[in-house]
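Quick notes on the structure that follows.
Only the coordinates and a few stated rules stand behind these numbers; no lab work does. In this text the structure is predicted, and so the values were computed from the model without any measurement. Cβ placement follows ideal geometry from the backbone for every residue including glycine, while neighbour counts extend to all protein chains displayed.
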Amino acid sequence: MSGRSGSHLGVAALVVYWLVQAATLGISDDEAYYWVLSRSPALGYTYHPPMVAWLIRASDFLFGWLPLPRELIVRLPGVALSAAALLLALKWLREVTGRREIPASVTACVAVPGLAALSWMMVPDHSLIFGWMLCFVASWRIIARDKPRRRDLLMLGAGAAIGMLSKFSAILFCLSAAAALLLMTRRSRARAMVALAIGAAVAAIPILVWNSKNHWAALVYQLGSRHAGGGWDLRRYGTFWVTQLLLAGSVGIAGAALLARRWRNGRRLEPAEKFLALWAAPAGVFLVQPAYSPFKPHWALVFWLPVALACALEQLRSGAWTLPARVHAAFLVLLLALGFGATQWPLTSLASRWWNGATPNPLWDVSNDLSGWSELCELLGRAGVPADAPIVGSRYQTAAQAAFAAWPGRVATLSPASEVEKKEWPALEDWIREEGPGRWPRLLRPVVYVSDDRYGEPPRFPNASCVPAGTIDSPRFGVARKGIHALFCSPR
């Protein structure tokens, strides 16, 4: 088997892993929300740019007629983009080293463990990282030749546009591309910078148009309110680094070993190493931000990606299956196995009960967030709830999972909702009368109200009565799971 075939076999193995996870696990709350957004295509949404919703809509259009699990159809774009980004990374390594064949072990070095374990989900980060990789490869080719080709300029602009339409943080890798082009090219910098600017402008137009018409909601949330109330918190910062040990620990070990060797040798950075450093530097903000404001563990993965590429490049140049590379490969396989087990079965609950003998808290078990909602329609049918009664949730997470589970038989919406959020959800004018943004609506006809143990806010419809319609809380493998609650609410 050739090296190229071996490395591609490693990518294929990851794709199989992602597809199995995508086809067999229930929808998560964020994925369900993105699916809701895809039902009403727009130039923007309350919390994110529109790319994730556009991709889900396209997948549904292309594959929705096939007898596939709906969860898989939602997740197919994420799997495809993750595979494409990994293949682009391997292609960059071949171009830098001039090697036609890449050992299969290099695939393990390139794959950041957290990304590999989570790429079965459909989140905006997939298209963000794909755009990152397009810009990365295109800007390197322009630098290496110092004479841009049209296809490289198109790739550079497309990467910037795709990234910024995915997450606003793509501005960081656009800065990386710009810095690399300005510092490492001479003849080609003007045309390359124009291509990069055009790509960013193409993405900025729909973002600015939508935000200007919607009180700048997404920009205010992402750049302001999401980080409000922050301050130095050593405990939170320690928690962040624990998560990074889990999601990217082996990359950090291999990267630290590489940095130590460079420091001892005192050798100047080669062009490819300088290029990688320029791509890692702006993303380093995600290593600092958790000290001052709330974070999500996967935000920092865009920093570990160039570190992983640096480690893979070192392995190719050394020609040896080094100890850091072996540690990384073992860690990757271990995390994939743990991720599979913890999502498919309540392993964390079972382990907790075995460890201390106490009843574990089902809210700490990630598998509980991926099961249960598929039983909602059966529950409502057993309770005799009228078939035309829509579903209302007061949190977008529960409303979205109910909407996905009940489609197409029942309509689900979010209420109370802000003026901007209302545009993302069905308007149930025959069932509820809005009393104003953020206020509980008045019921005109009976509805089903849903909540769960994670977001358990009770209904507060004025002049209405609510009676239990049932709860989904039967144990899974002998341990408790997160309860899902339905109430039948009628106007008085």
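Out of Ala283, Ala291, one residue alone is farther than 22 Å from Glu95 by Cα, within 17 Å of the chain's Cα centre (by Cα) and in contact (Cβ under 8 Å) with a residue 40 or more places away in the chain. It is Ala283. Within the bounds of region 176-192, is there any residue that is out of contact with any helix residue (DSSP H, G or I) (no Cβ under 8 Å at 6 or more places or on another chain), among the basic types (Lys, Arg) and either over 21 Å from Val302 (Cα atoms) or not in a helix (DSSP H, G or I) (or both)? Checked region 176-192: at least one residue is out of contact with any helix residue (DSSP H, G or I) (no Cβ under 8 Å at 6 or more places or on another chain), among the basic types (Lys, Arg) and either over 21 Å from Val302 (Cα atoms) or not in a helix (DSSP H, G or I) (or both).
Only residues that are more than 18 Å from Pro306 (Cβ to Cβ), buried (at least 22 other Cβ atoms within 10 Å of the Cβ) and out of contact with any Asp or Glu (no Cβ under 9 Å at 6 or more places or on another chain) were counted across region 163-195, and they come to 2.
Every condition in (1) closer than 21 Å to Ile162 by Cβ; (2) buried (at least 18 other Cβ atoms within 10 Å of the Cβ) is met by Ala217 except one, and the failing one is (1).
Given the options Glu424, Glu378, name the one that is touching a Leu at 6+ places or on another chain (Cβ under 7 Å) and not hydroxyl-bearing (Ser, Thr, Tyr). Spell out the reasoning first.
Numbers: Glu378 fails: touching a Leu at 6+ places or on another chain (Cβ under 7 Å).
The conditions single out Glu424.
Looking at region 353-372, which of the residues that are of a type in the set (A, V, I, L, M, F, W, C) and touching a residue at least 40 places away in the same chain (Cβ under 8 Å) is surrounded by the most Cβ atoms within 10 Å (Cβ to Cβ)? Walk me through it before giving the result.
Our first condition is that a residue be of a type in the set (A, V, I, L, M, F, W, C); within region 353-372, this holds for 354-355, 358, 363-364, 366, 370.
Going one step further and asking which of them are touching a residue at least 40 places away in the same chain (Cβ under 8 Å), we end up with 363, 370.
Numbers: Leu363: 15, Leu370: 20.
Residue satisfying both the conditions and the ranking: Leu370.
Taking into account only those residues within region 461-492 that are of a type in the set (A, V, I, L, M) and either more than 19 Å from Pro390 (Cβ to Cβ) or touching a residue at least 40 places away in the same chain (Cβ under 8 Å) (or both), which is surrounded by the most Cβ atoms within 10 Å (Cβ to Cβ)?
At the first step, the residues of region 461-492 found to be of a type in the set (A, V, I, L, M) are 464, 467, 469, 472, 479-480, 484, 486-487.
This time we only want the ones that are either more than 19 Å from Pro390 (Cβ to Cβ) or touching a residue at least 40 places away in the same chain (Cβ under 8 Å) (or both), so: 469, 472, 479-480, 484, 486.
Values: Ala469: 20, Ile472: 19, Val479: 20, Ala480: 20, Ile484: 25, Ala486: 20.
Among residues in region 461-492 that are of a type in the set (A, V, I, L, M) and either more than 19 Å from Pro390 (Cβ to Cβ) or touching a residue at least 40 places away in the same chain (Cβ under 8 Å) (or both), the one surrounded by the most Cβ atoms within 10 Å (Cβ to Cβ) is Ile484.
Of all residues in region 109-121, one or more are part of a helix (DSSP H, G or I) and within 20 Å of Phe275 (Cβ to Cβ). Note on region 23-49: residues that are within 26 Å of Leu363 (Cβ to Cβ) and part of a loop (DSSP other than H, G, I, E, B) amount to 7.
Any residue in region 401-413 that is part of a loop (DSSP other than H, G, I, E, B), buried (at least 20 other Cβ atoms within 10 Å of the Cβ), touching a residue at least 24 places away in the same chain (Cβ under 8 Å) and not charged (D, E, K, R)? No; the residues of region 401-413 include none that is part of a loop (DSSP other than H, G, I, E, B), buried (at least 20 other Cβ atoms within 10 Å of the Cβ), touching a residue at least 24 places away in the same chain (Cβ under 8 Å) and not charged (D, E, K, R).
Among the residues of region 50-68, those identified as within 21 Å of Ile207 (Cβ to Cβ) and assigned to a helix (DSSP H, G or I) are Met51, Val52, Ala53, Trp54, Leu55, Ile56, Arg57, Ala58. Selection within region 439-460: residues that are among the acidic types (Asp, Glu) and touching a Ser or Thr at 6+ places or on another chain (Cβ under 6 Å). The member of this set that is surrounded by the fewest Cβ atoms within 10 Å (Cβ to Cβ) is Glu457. Scan region 62-118 for residues that are of a type in the set (Ser, Thr, Tyr) and buried (at least 23 other Cβ atoms within 10 Å of the Cβ) and report the count. Residues that pass the stated criteria total 2.
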